[in-house]
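All remarks here apply to the structure that follows.
Here, each number is a calculation from the coordinates, and none is a lab measurement. Quick caveat: nothing in here was measured; it's all calculated off a predicted structure. Glycine gets a Cβ as well: all are built from the backbone with ideal geometry, and neighbour counts include every protein chain shown.
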Amino acid sequence: MNKPSYADIKKKVERLSSLPTIPPVVTKILKVIGSEDISLKKIAEFISRDQALSARVLKIINSPIYGFPGRISSISQAVMLIGLGALKGMLLGISMFDMMQKTMIGLWEHSIGTAVAAKVIAAKVGIKEIEDASVAGLIHDIGKVALGICYPELYKNVIAVAKERDIYIVEAEEDIIGVNHAEAGSWLARKWRFPLSLVNSIEYHHNPSAKRPSMTIAIVHLSDTIIKMMGFGFSGDPFAHRIEQTAWDTLALTGEDLKGIFMEIEEAILSQETSIF
């Protein structure tokens, strides 16, 4: 199969929800989060009408990704706690769960791990938008799912080539498809009217130096790399990326900070793994 044109890739990715391979429940979720007049109340009502979706939302909200004190038992309470932008991101991650598993075995686990790491790091550096950082970690690789759905055979080749040639998956994506997952994911985030901080975190999570210094981008960049180093899940990369100096400068973490972060992430994932999945 020949490499598709850039314009064709963008058009196909942005029309993801209309593809026949997308399950009906996912199509409904994507329609809701992409609506111009969406509100917390409307999303809460939508989630509450679906028992399976409600259960998944409450499972995630009570997991180490958020770490809220006490147990959250109602959708209305969950919605009010995390806000519209983070909620849309969470729904996207949940809706793509099964497709993540089909795209790449271990991708969902990697995404969950990155979300947990982002929450830990966000708390350590003291930003207010901890939930936004967690969700950015959860869906940072959503572009892999998009490319895998739009070009399934090509994406299988991407994963194989990254392994065979021992190269980063972004290199294999650009070589075989013509676009990497970070850019493809940012197209979706813009299409679905996600907050700019979330769009940028998806687009620049591999190269934070390409954008003006951002705490959330740096957090996702570091979280992604830490989870790869820990071997939790699988992102398609045969080895972890080097952490860019821009991220270090932005986060200003000490060696002791990092030691504590690693321990806290590992404890959160291993002690409550069953509650996440």
Checking Ala182, Ala115, Ala240 against a Gaussian network model of the chain (alpha-carbon springs below 10 Å), the top fluctuating residue turns out to be Ala240
Using eta = 1.306 mPa s and T = 10 °C, Stokes-Einstein with Kirkwood Rh from Cα pairs puts D for the chain, in µm² s⁻¹, at 85
If the chain between Glu14 and Ser197 were fully extended at 0.36 nm per residue, the gain over the current Cα-Cα distance would be 64.0 nm
Over the chain, the sum of -39500 (n - 2.57) across DSSP H runs of at least four, divided by residue number and rounded to 500 deg cm²/dmol, gives at 222 nm -20500 deg cm²/dmol
Contact order relative to length for the range 108-235, counting C-alpha pairs under 8 Å separated by 6 or more residues, stands in percent at 33
Going from the fewest other Cβ atoms within 10 Å to the most, one would list Asp257, Asp141 as Asp257, Asp141
Beyond 22 Å (Cα-Cα) in this structure, taken from Lys11/Lys31; Lys12/Lys163; Lys41/Lys88; Lys42/Lys119; Lys28/Lys88, we find Lys12/Lys163; Lys42/Lys119
Partner aspartates and glutamates whose C-alpha sits under 13 Å from that of Lys102, ignoring same-chain residues fewer than 8 away, are Glu153
Percent relative contact order for the chain, counting Cα pairs under 8 Å at least six residues apart, stands at 22
Quick shape summary for the range 6-120, equivalent ellipsoid via Cα gyration tensor, semi-axes whole Å in descending order, reads 24, 19, 13
Of every Cα-Cα pair in the range 156-260, the percentage lying beyond 22 Å is 36
